[in-house]
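Q: Dumping the structure here so I can ask a few things about it.
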Amino acid sequence: VGAGMSSCHIIDLGHCHISDNETVLFRWIFDITPSDLDIVFSMYKGRHEDKRSIRDNISDTIIRDRLVQGGGGGEVQGAFIVQNACTLVWSNEHSWVRPRSIKYVVEAYAVM
């Protein structure tokens, strides 16, 4: 993620059929390089490819503007209830000098 920029990645379940008695548990882990710097992390329900879409659908917020240093991880339920997708956003807009590299792993499980 370049200095002064933000980057997003859309996680799409595709055409998976989730039963009425099931919910999707979404887990994520990411690392930041260099690890001594921080980044702002957000997560939204549905597909959001630009800032305007996020601003217009503020009710889709799962995590908003969490400052993370060195990496992060967690899990949530209900991330895929809008459009069968969720959007991960890493913002480096507070830094005008140093870019960050993000490596991440995501997993989605259907649980009863």
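The values are calculated or read from the model by the stated rules, or taken from the named source; none is laboratory data. A quick note: this is a predicted structure, and the numbers were derived from the prediction, not measured. Every residue, glycine among them, receives a Cβ derived from its backbone with ideal geometry; neighbour counts consider all protein chains shown. What goes into the accessible areas is simple: the full protein's heavy atoms, side chains included, and nothing from ligands, DNA or RNA. Shrake-Rupley method; radii C 1.70, N 1.55, O 1.52, S 1.80 Å.
Q: Taking the chain as a Gaussian network, where each spring joins two C-alpha atoms under 10 Å apart, which residue of Phe30, Phe41, Phe80 fluctuates the most?
A: Phe30
Q: Could you calculate the FRET efficiency of Leu37 with His15 from 1/(1 + (r/R0)^6), where r is the beta carbon distance between them and R0 is 41 Å, rounded to 0.05?
A: 0.60
Q: Rounded to the nearest 0.05, what FRET efficiency is calculated for Ser6 and Arg27 with R0 set to 25 Å and r the Cβ-Cβ distance?
A: Approximately 0.65, to the nearest 0.05.
Q: With +1 on the Cβ of every Lys and Arg and -1 on the Cβ of every Asp and Glu, and nothing else charged, how large is the dipole of region 14-112 about its Cα centre, in debye rounded to the nearest 20?
A: Approximately 240 debye in magnitude.
Q: Under the √(5λ) rule applied to the eigenvalues of the Cα gyration tensor, what semi-axes describe the equivalent ellipsoid of region 12-112? Give them in Å, descending. Could the numbers behind the result be given before it?
A: Working: eigenvalues 140, 52, 20 Å².
Largest first, region 12-112 gives 26, 16, 10 Å.
Q: Could you do me a favour and compute the accessible area per residue for region 1-59, 1.4 Å probe, result in Å²?
A: Counting only protein heavy atoms, the per-residue value for region 1-59 is 59 Å².
Q: Using a Förster radius of 35 Å, what is the FRET efficiency between Arg55 and Trp96 based on their Cβ-Cβ separation? Nearest 0.05, please.
A: The value I calculate is 0.95.
Q: Mind listing the long-range amide H neighbours of Gly71? Cut-off is under 5 Å, sequence gap 5 or more, other chains count too, H placed in the peptide plane at 1.01 Å from N.
A: Answer set, sorted by chain and number: Ile32.
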